[in-house]
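Before any comments, here is the structure.
The values are calculated or read from the model by the stated rules, or taken from the named source; none is laboratory data. Keep in mind that this is a model prediction, so the values were computed, not measured. Cβ placement follows ideal geometry from the backbone for every residue including glycine, while neighbour counts extend to all protein chains displayed. Heavy atoms of the whole protein, side chains included, go into the accessibility calculation; ligands, DNA and RNA do not. Shrake-Rupley method; radii C 1.70, N 1.55, O 1.52, S 1.80 Å.
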Amino acid sequence: MTSPRTLSKAPFLVGLFLLTFSLLTFQIVQTRILSVIAWYYMAFFAISVAMLGMTVGAVWVYLHRERIESAPLPVTLTNFTLATAVAMPASIMVQFCLITTISLSLTTVISWSILLLAMAVPYFFSGVVVSLALTRSPFPSGQVYGVDLMGAALGCMGVILILNVMDGPTAVIASSVVCGLSALAFTSSASAEDQQRLKSNPWWRRPVPVTIALAVFAILNSLAPVGVRPILVKDHLERSGFKVYEKWNSYSRITAERPQLRFPDLWGGSPQTPPGLLAMQSQLSIDGGAGSEMSHYDGTPQSISYLQYDLVGLAYRLPNIHKSAVVGVGGGRDLLTAHYFGVPDITGVELNPIFINLLTINPYYKNFSDINALPNLKLHVDDARSWFASTHEKFDLVQMSMIDTWAATGAGAFSLSENGLYTLEGWRAFLHSLNDDGIFTVSRWYSPGDVNETGRMIGLATAVLLDSGVKDIRPHLFVANAGYIATLVLSKKPFTPEQLRILHATVRDLGFNVLLAPDQPPQSPLLRAIVESPDRTTLNRVLEGNYLDLSVPTDNRPFFFNQLRFRNIPNATLRMIHGNLRVGVMAGNLIASGVLVLILFISIIAVVLTVLLPLRGTARESPMPLVVVGSLYFSLIGMGFMLAEIALLQRFSVYLGHPIYSLSVCLFSLILASGLGSLTSDRLKLNARVKLLLWGSILVAYLVGMVWILPALLQSTTGQERLVRIGISVLVIMPLGFLLGFAFPTGLRLVEAVDRQPTPWFWGINGATGVLASVLAVMFSMALGINVTMLLSAACYLLLIPTSFALLGMGQQHSAT
């Protein structure tokens with residue numbers, strides 16, 4: 001251990017704080033960037049890679065302990081912190097160069113393995129620093145650990161502000177600058193002799209010039225249009241020259257192309273659209289995988305007349321639509337549709353403020369769209385589900401068109417920002433905001449020739465009507481399709497003959513197809529069975545009988561876009577290999593499931609090669625009963641903690657309106673609270689069976705209680721402001737994190753009471769199971785629901801009680817001899 005006389009306390013603690021702050025900021029920004037370049041939202045993957053990298057760093061410290069202990073601690077901390085700073089932007093640049101698509105080839109495995117390696121390098125270097133700071137510093141471990149956790153916790157929250165003021169790549173470089181400042185602080189903590197040694201290094205190994213270079217890099221990258229940018233976005237080569245606008249925030253990356261006079265882009269275009277019709281439009285892209293058009297409006301109906309030929313505007317042809325609301329404003333197409341059909345009072349609710357800025361503030365696009373010219377237009381920047389749950393306004397029509405995207409469709413389980421809009425609880429909020437005879441219209445992708453794929457949307461509509469007391473569903477639903485788009489029109493009251501006449505006439509005149517109508521038999525026996533279900537029990541039985549997963553999505557299983565059952569994966573894989581699987585939701589779900597399996601496979605290989613094999617010698621030299629029971633203990637806490645964390649991420653992603661908020665809030669709360677729990681465990685030692693039983697029982701009860709109480713709590717507060725919801729989230733998660741924080745240090749004390757030799761092995765086991773559990777947790781939630789994932793976490797901690805008893809007994813027996 002380093003002497004306090006050769007290590008200054010204040011700069012050392014500042015350096016550790018800045019390191020962990022930059023590291024967590026980097027991790028969350030990296031997650032945001034991954035959602036841009038890859039089809040799959042991989043927050044769980046980023047978490048598991050961070051755990052793996054940090055664990056490998058700690059393993060490396062143990063294996064090279066003699067060499068490391070011979071070097072001055074401040075020098076080692078400075079060198080590895082500086083390596084972390086340089087590795088951060090280098091890691092992102094490598095990721096930008098990789099192809100992350102999925103194909104049945106060895107190349108895919110290699111590409112994803114390189115991705116994992118590139119992501120893990122910064123965490124490896126920082127893992128060395130954190131491991132040394134916690135084990136070799138001469139200062140009280142409580143203070144060191146507290147500063148470490150405080151930096152990490154604040155980094156989780158600070159990233160939201162950072163991403164709202166700079167783009168993703170620049171935010172990564174800015175994080176590396178903070179990491180460089182950490183290296184400077186560690187240098188300042190060294191003795192004069194050690195500082196002189198560091199100054200004798202080449203310039204590229206000295207903190208001052210490297211940090212200055214990174215700062216200049218960050219400034220230039222934010223100003224230059226040809227800086228660090230993605231090359232491949234969702235497998236497509238991105239040509240930046242065609243982009244006239246690019247903006248990042250914590251939600252997404254929005255780009256806009258130059259406006260062009262062209263045949264208008266329509267979601268569900270009519271074959272009756274005049275071939276010579278032209279419109280001036282600008283293509284907007286959301287994370288490269290979702291599109292929205294901004295149309296030029298010159299104040300005349302003629303400039304937007306093409307909207308009358310789009311299926312998504314079908315419901316606006318109904319009479320008495322005086323007040324409407326649009327879920328997801330995007331480029332403003334649906335707002336213009338409402339205006340074109342004469343709606344005098346229009347409200348738009350948009351999660352992403354970038355769109356509202358483009359439409360109302362940006363000098364060029366404000367004049368191009370001229371949305372501000374619409375009379376009685378009100379725009380709100382908020383999560384739509386929360387806004388509709390809290391508003392006292394009532395609408396004649398609520399429209400939600402194409403909020404689901406192919407990015408979300410393919411990702412299935414990984415993209416939750418939109419799934420919260422497609423759950424039973426979400427649709428209840430939308431229907432609650434309607435007048436008694438109001439209309440709710442939803443448009444989403446449709447697979448021609450596979451009408452059953454529309455069953456999930458119709459099943460969800462049937463469920464929400466049944467829950468509202470409607471006995472006969474068919475008079476309330478009308479569904480039509482045009483090409484790859486299906487539009488649902490749901491009426492709270494049965495459609496009148498006049499309304500049905502208008503809908504049928506519009507569909508006939510514009511060349512659309514009727515899939516479901518009160519006065520027309522459904523095209524599919526399944527659709528008939530769905531809408532004729534008299535109750536939820538019958539409905540659930542009907543939906544379970546299909547080869548697709550058409551079950552009603554709820555906040556417990558909010559995976560609307562994932563329609564592939566796990567048991568059908570082998571059959572679907574064979575169909576894809578033989579070319580018999582249509583391109584669509586099921587194909588996308590199969591690819592997403594393949595990503596999960598691939599990540600699990602690569603993670604297992606990485607854990608075995610980098611953690612278990614290097615540490616196997618420490619286990620061989622220890623008593624076998626201790627190795628077996630200790631491995632079980634640390635496997636259970638690694639599995640249990642990660643199952644709970646992923647379940648919380650998924651649950652609060654729906655509640656807070658976007659995965660980035662869930663990631664930041666959950667990590668902040670868990671890191672801070674578990675750190676406090678670990679520190680408290682030093683004073684409140686669980687060194688008796690009664691204490692272990694009491695702690696384990698409270699923890700298991702809290703986890704089980706969250707399954708039953710949390711949904712009701714979140715549902716009742718969904719309409720609160722986001723800051724209030726964040727506060728509620730923190731208050732719910734902190735007690736759990738505090739209890740979880742006792743497990744690891746308690747296990748170390750129980751093991752070390754018998755033999756300190758296998759301690760590194762148990763560190764590795766804990767990290768290894770945590771990495772693997774992050775993937776398994778997603779699978780469990782997809783197949784069984786978030787509540788089951790949380791209950792599995794509770795089961796792990798329940799099994800921990802007898803396991804800890806066994807370790808305690810070994811320690812008592814050892815001390816007696």
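Tabulate in residue order the Karplus-calculated ³J(HN,Hα) for region 344-349, using 6.51 cos²θ - 1.76 cosθ + 1.60 with θ = phi - 60°, rounded to whole Hz; enter x for Gly and Pro.
With coefficients 6.51, -1.76 and 1.60, one gets x, 10, 10, 10, x, 10 Hz.
Positive end of the charge dipole of the chain (Lys, Arg +1 and Asp, Glu -1 on Cβ, about the Cα centre): tell me which of GLN813, GLN650, ALA153 has its Cα farthest that way.
The Cα lying farthest towards the positive end belongs to GLN813.
Once the piece of chain linking HIS814 and ARG620 is laid out straight, how much longer is it, given 0.36 nm per residue of separation minus the C-alpha distance between them? Before the final figure, lay out the partial values.
Details: separation 194, 0.36 × 194 = 69.84 nm, distance 1.87 nm.
Difference between extended and current length: 68.0 nm.
In nm, to one decimal, how far is the GLN196 label point from the GLU257 one, both placed 7 Å along Cα→Cβ?
About 6.4 nm, to one decimal.
Tell me, what % of the accessible area of region 112-163 is carbon and sulfur with a 1.4 angstrom probe? Please report the intermediate quantities before stating the final value.
Details: 1230 of 1550 Å².
For region 112-163, the apolar C and S fraction of the accessible surface comes to 80 percent.
Over the chain, average the accessible area per residue using a 1.4 Å probe and give it in Å², no decimals.
Values: 30060 Å² over 817 residues.
Here the residues of the chain average 37 Å² of exposed surface.
Given a 1.4 Å probe and every protein chain left where it sits, what share in percent of the accessible area of region 421-560 is carbon and sulfur? Could you put the intermediate results ahead of the total?
Details: 2400 of 4740 Å².
Summing carbon and sulfur atoms, their accessible area is 51 percent of the total for region 421-560.
Ignoring ligands, DNA and RNA, what percent of the accessible area of region 630-713 is carbon or sulfur (1.4 Å)? Can you show the working numbers first?
Values: 2120 of 2820 Å².
Ligands and nucleic acids excluded, carbon and sulfur reach 75 percent.
Have a look at the DSSP beta bridges in the chain and tell me what percent are antiparallel, nearest 5. All intermediate terms of the calculation are to be shown ahead of the outcome.
Values: 39 of 58 bridges.
Of the beta bridges lying entirely in the chain, close to 65 percent run antiparallel.
What number comes out for the charge environment of SER781, summing +1 per Lys or Arg and -1 per Asp or Glu over other residues with Cβ under 11 Å away? The partial results should precede the final answer.
Details: positive: ARG557, ARG651; negative: none.
Counting the neighbours of SER781, the net charge comes to +2.
Which shape class, rounded, prolate or oblate, goes with region 122-173 when its Cα gyration tensor gives a ≥ b ≥ c as root eigenvalues, a/c under 1.5 marks rounded, and past that a/b bigger than b/c marks prolate?
Details: a/c = 4.69, a/b = 1.96, b/c = 2.40.
Oblate shape, in that a/c is at least 1.5 and b/c is the bigger or equal ratio.
Starting from the Cα-Cα distance between PHE566 and VAL208, subtract it from 0.36 nm times their residue separation and give me the gain in nm to one decimal. Don't skip to the answer; put the middle values down first.
Details: separation 358, 0.36 × 358 = 128.88 nm, distance 5.33 nm.
Extra length available between PHE566 and VAL208 comes to 123.6 nm.
Just to be sure I understand the curve: with the Debye formula and one point per C-alpha of region 703-817, what is log10 I(q)/I(0) at q = 0.11, 0.13, 0.14 Å⁻¹?
-0.53, -0.69, -0.77
Using a 1.4 angstrom probe and counting only protein chains, how large is the accessible area of THR107 in Å², to 10?
In the full protein context, THR107 sits at about 100 Å².
Arrange the peptides 529-539, 790-800, 120-130, 331-341 so that the one whose residues have, on average, the most other Cβ atoms within 10 Å appears first.
Values: 529-539: 16.9, 790-800: 22.6, 120-130: 25.7, 331-341: 24.2.
Ranking the peptides 529-539, 790-800, 120-130, 331-341 by packing returns 120-130, 331-341, 790-800, 529-539.
Per-residue HN-Hα couplings for region 605-620, Karplus 6.51 cos²θ - 1.76 cosθ + 1.60 at θ = phi - 60°, whole Hz, x for Gly and Pro?
4, 5, 5, 5, 6, 9, 10, 6, 5, x, 9, 4, x, 5, 7, 5
Taking a spot 7 Å from the Cα of ASN435 along the direction of its beta carbon, which residues of region 303-340 have an amide N less than 11 Å from it?
319-324
Which value, in Å² rounded to 10, gives the accessible area of GLU350 with a 1.4 Å probe and all protein chains present?
For GLU350, the solvent-accessible surface is approximately 20 Å².
Extending each Cα 7 Å along its Cβ direction at LEU784 and VAL597, get the distance between those two points in nm, one decimal.
Modelled inter-label distance: 2.0 nm.
So, taking all protein chains as they sit and a 1.4 Å probe, how much accessible area belongs to LYS366, in Å² rounded to tens?
80
Excluding residues on the same chain fewer than 8 positions from LYS394, give the lysines whose Cα lies under 27 Å from its Cα.
The reachable lysines, counting only those whose Cα sits under 27 Å from LYS394, are LYS323, LYS378, LYS471, LYS492, LYS493.
State the extension gain, in nm to one decimal, for the chain segment bounded by ILE709 and ALA505, taking 0.36 nm per residue of separation less the distance between their alpha-carbons. Mind dumping the intermediate values first?
Working: separation 204, 0.36 × 204 = 73.44 nm, distance 4.89 nm.
Net length gain for the segment: 68.5 nm.
If I fit a long axis through the Cα atoms of helix 207-223 and take the longest principal axis of the Cα atoms of the chain, what angle between them do I get, 0 to 90°, rounded to 10?
Once rounded, the angle reads 0 degrees.
What lysines sit close enough to LYS234 to cross-link, taking a C-alpha to C-alpha distance under 18 Å and skipping anything fewer than 8 places away on the same chain?
List returned: LYS243, LYS247.
Can you sort TRP445, TRP708 by 1.4 Å-probe accessible area, starting with the largest?
Numbers: TRP445 45, TRP708 185 Å².
Highest to lowest solvent-accessible surface, that is TRP708, TRP445.
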